[in-house]
1. Leaving ligands and nucleic acids out of the surface, order E143, E60, E88 by accessible area at 1.4 Å, largest first.
2. Considering only DSSP beta bridges whose two residues both sit in the chain, what percent are antiparallel, to the nearest 5?
3. When ligands, DNA and RNA are left out and all protein chains stay put, how many square angstrom of accessible area per residue does the chain have with a 1.4 Å probe?
4. Restricting to DSSP loop positions (anything but H, G, I, E, B) with no more than 16 other Cβ atoms inside 10 Å of their own Cβ, which chymotrypsin sites (Phe, Trp or Tyr not before Pro) remain in region 55-105?
5. Please list, in order, the residues from region 137-156 whose amide nitrogen is less than 16 Å from a point placed 7 Å along the Cα→Cβ vector of Y87.
6. Dipole of region 1-152 (Lys/Arg Cβ +1, Asp/Glu Cβ -1, origin at the Cα centre): which of I7, C128, G53 lies farthest to the positive side?
7. Report, in deg cm²/dmol and to the nearest 500, the calculated mean residue ellipticity at 222 nm for the chain, where each DSSP H run with n ≥ 4 adds -39500 (n - 2.57) and the sum is divided by the residue count.
8. Given springs between every Cα pair under 10 Å in a Gaussian network model of the chain, which of A22, A72, A46 has the largest fluctuation?
Amino acid sequence: MTDARDIVYRPRGRISGLRAGAHSSRGVGSFGTFRDQVPFLVHPDARRIDVRGTLRDPFENTLVRRFQQRSAIDVYALVDMTRSLSYEGRARKQDLVVKLCGALARSVIRSGDRFALIGFDSDMRPDCFMPPNRRLATADDVEARLGQAEWGGRDAAG
């Protein structure tokens, strides 16, 4: 299903992540968007010394440039697989969930983040579980797993 459009998502605020990605993070470092200048003793990175800023400083401090880093996140899709989703009105809810999760997985992978799937009804469903990953075929795997699964649980206690 390659006709699905991307789902645009953005986490609120700044995130704390270790992997480089597309979202604003709390961390400061050597790469990214320019953030500010600080004294060398605050951020001792000799590679980022700002010569022009150091010459302009009236207190004769050695200034270092700091940059706002960007990080990647993990996106989890929690899918309720109870009987309530077997209702068919104008559209089949199961098919809508499969398309939505596939489109979300494609969007997440394209932006450099990791996607995970957790399906549950009265228990967690091992056939509809995928740990976070960045494989290109994740969206197809998600659609295949959800499309072939039985949607008949009694409650959502899982």
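The values are calculated or read from the model by the stated rules, or taken from the named source; none is laboratory data. On a predicted model such as this, the values are computed, not experimentally measured, just so you know. When we count neighbours, we look across all protein chains shown, and the Cβ atoms used for this are built from the backbone with ideal geometry, even at glycine. The accessibility values were calculated without ligands, DNA or RNA, using every heavy atom of the protein model including side chains. Shrake-Rupley method; radii C 1.70, N 1.55, O 1.52, S 1.80 Å.
1. Solvent-accessible surface, decreasing: E60, E88, E143.
2. Approximately 65 percent, going by the DSSP bridge assignments.
3. Working: 10420 Å² over 158 residues.
Heavy-atom accessible area per residue stands at 66 Å².
4. Working: sites: F59, F67, Y76, Y87; in loops: F59, Y87.
Here the chymotrypsin sites (Phe, Trp or Tyr not before Pro) that fit, given the DSSP loop and packing criteria, are F59, Y87.
5. 152-156, by backbone N distance to the label point.
6. Farthest along the dipole direction, towards plus: G53.
7. It lands at -7000 deg cm²/dmol.
8. Judging by the Gaussian network model, the answer is A46.
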